[in-house]
Amino acid sequence: MNKTLRQALAMAWMIGVVNVAQATPIALLSDNFDLENGGAGAAEYSRFTNFTAANIDLLAPGYFATLCQSAGGGTPCVDMEGSGNGSLTTKIAFDLAANSLFIAQFDLAGDQRGRSGNQVTAELVSITGEMLYQEVFALASDAGFTTFIRSIYIPDAGQARFKFFSGGPADSMGMLLDNVVLSANSLTAVPVPPAALLFASGMAVLGLRRRSAHGSVRIGV
């Protein structure tokens, strides 16, 4: 590829002629915990449909359901601390394509009981142990449910699990979690339309000529 054409392609990227398209997202998991335990709350609940759990309380009628409501949500929801700091990890290791986005959406709220220092960490970890994403969330105790959306670029194909775990005082009063939605989206380069490429080529040549007139660039070999 000659120098002028390379300059044209670079110009095309700069002016947005070449961009990245996203396919329709593929749903991987959607869980609002409403079907857990027959809709009843439970301490140290571990029979989640989609998650492996440790030290997690299911808040629903019969067990602190008002905390979900105080945070502006519905019941059930999840308390990220049971008898101590807890964790939720997807049972499925998701197949992720190279050059794709993993999209995580979830609702977090404060503990609603006046405790400070609570945190929830979200992670995407490959089955080989590579950390693909990690972020710590800290909310005030009285903070209502907030929806967080994160798009994580996946450069190489592989499998990974998504995980939440709590940190801070292990006092059985953790942040609240609800409405977890995970999806994936492949990325593809949009071909350069011929007319747009010609336009970009012309812009590049014009730019080169202007710079050559000032003695900074020579056109040709």
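The values are calculated or read from the model by the stated rules, or taken from the named source; none is laboratory data. Source: prediction; values computed, not measured. Don't worry about glycine lacking a Cβ; one is built from the backbone with ideal geometry, like all the others, and counts go over all protein chains shown. Just so you know, the surface numbers come from the protein's heavy atoms only, side chains and all, with ligands and any DNA or RNA stripped out. Shrake-Rupley method; radii C 1.70, N 1.55, O 1.52, S 1.80 Å.
Is there a residue in the range 60-81 that is in contact with a strand residue (DSSP E or B) (Cβ under 6 Å, 6 or more places away or on another chain), buried (at least 21 other Cβ atoms within 10 Å of the Cβ) and closer than 16 Å to LEU29 by Cβ?
The answer is yes, given that some residue of the range 60-81 is in contact with a strand residue (DSSP E or B) (Cβ under 6 Å, 6 or more places away or on another chain), buried (at least 21 other Cβ atoms within 10 Å of the Cβ) and closer than 16 Å to LEU29 by Cβ.
Return a yes/no flag: does the range 86-93 have any residue that is assigned to a loop (DSSP other than H, G, I, E, B) and aliphatic (A, V, I, L, M).
In the first step, residues of the range 86-93 are kept if they are assigned to a loop (DSSP other than H, G, I, E, B); the result is 86, 91-93.
Next, from what is left, pick out any that are aliphatic (A, V, I, L, M): 92-93.
The answer is yes; a qualifying residue exists.
Given the conditions (1) modelled with pLDDT under 50; (2) open to solvent by less than 80 Å² (accessible area, probe 1.4 Å); (3) outside any helix (DSSP H, G or I), which single one is not true for ALA204?
(3)
Hey, among the residues in the range 126-139 that are within 17 Å of the chain's Cα centre (by Cα), open to solvent by 70 Å² or more (accessible area, probe 1.4 Å) and of a type outside the set (A, V, I, L, M), which one's farthest from PHE48 (Cα to Cα)?
GLU130
So which pairs qualify, if the first residue must be in the range 126-151 and farther than 15 Å from ILE103 by Cα and touching a residue at least 12 places away in the same chain (Cβ under 8 Å), the second must be open to solvent by 80 Å² or more (accessible area, probe 1.4 Å) and among the charged types (D, E, K, R), the Cβ gap must be under 6 Å, and the two must be at least 6 apart or on different chains?
SER141/ARG115
Kindly check whether there is at least one residue in the range 102-117 that is of a type outside the set (Gly, Ala, Ser), more than 22 Å from ASN37 (Cα to Cα) and touching a helix residue (DSSP H, G or I) at 6+ places or on another chain (Cβ under 6 Å).
Looking through the range 102-117, at least one residue is of a type outside the set (Gly, Ala, Ser), more than 22 Å from ASN37 (Cα to Cα) and touching a helix residue (DSSP H, G or I) at 6+ places or on another chain (Cβ under 6 Å).
Please verify whether ASP142 is open to solvent by less than 20 Å² (accessible area, probe 1.4 Å), farther than 13 Å from ALA184 by Cα and in a loop (DSSP other than H, G, I, E, B), treating the condition exactly as stated.
On the way: open to solvent by less than 20 Å² (accessible area, probe 1.4 Å): no; farther than 13 Å from ALA184 by Cα: yes; in a loop (DSSP other than H, G, I, E, B): yes.
Criteria not met by ASP142.
Out of all the residues in the range 97-125, which are more than 18 Å from GLN159 (Cβ to Cβ) and surrounded by fewer than 20 Cβ atoms within 10 Å (Cβ to Cβ)?
GLN105, ARG113, GLY114, ARG115, SER116, GLY117, GLN119, THR121
For a quick check of your reading of the model, give me the residue pairs whose first member lies in the range 113-124 and is over 14 Å from LYS163 (Cα atoms), whose second is hydrophobic (A, V, I, L, M, F, W, C) and surrounded by fewer than 17 Cβ atoms within 10 Å (Cβ to Cβ), with beta-carbon atoms closer than 9 Å and at least 6 apart or on different chains.
As it stands, the answer is SER116/ALA140; GLY117/ALA138; ASN118/ALA138, since those pairs meet every condition given.
Within the range 95-119, which residues are part of a strand (DSSP E or B) and either under 20 Å from PRO25 (Cα atoms) or under 14 Å from the mean Cα position of the chain (by Cα) (or both)? Reasoning before the result, please.
Start the filter on the range 95-119 by keeping residues that are part of a strand (DSSP E or B), which leaves 95-96, 100-109, 119.
Scanning the range 95-119 gives ASP95, LEU96, SER100, LEU101, PHE102, ILE103, ALA104, GLN105, PHE106, ASP107, LEU108.
Across the range 28-56, what is the number of residues that are part of a strand (DSSP E or B), touching a residue at least 40 places away in the same chain (Cβ under 8 Å) and either more than 17 Å from VAL181 (Cα to Cα) or open to solvent by 10 Å² or more (accessible area, probe 1.4 Å) (or both)? Walk me through it before giving the result.
Keep residues of the range 28-56 that are part of a strand (DSSP E or B), which gives 28-31, 42, 51-54.
Filter once more, so that each one left must be touching a residue at least 40 places away in the same chain (Cβ under 8 Å): 28-31, 51.
Narrowing the set further to residues that are either more than 17 Å from VAL181 (Cα to Cα) or open to solvent by 10 Å² or more (accessible area, probe 1.4 Å) (or both) leaves 28-31.
Residues that pass the stated criteria total 4.
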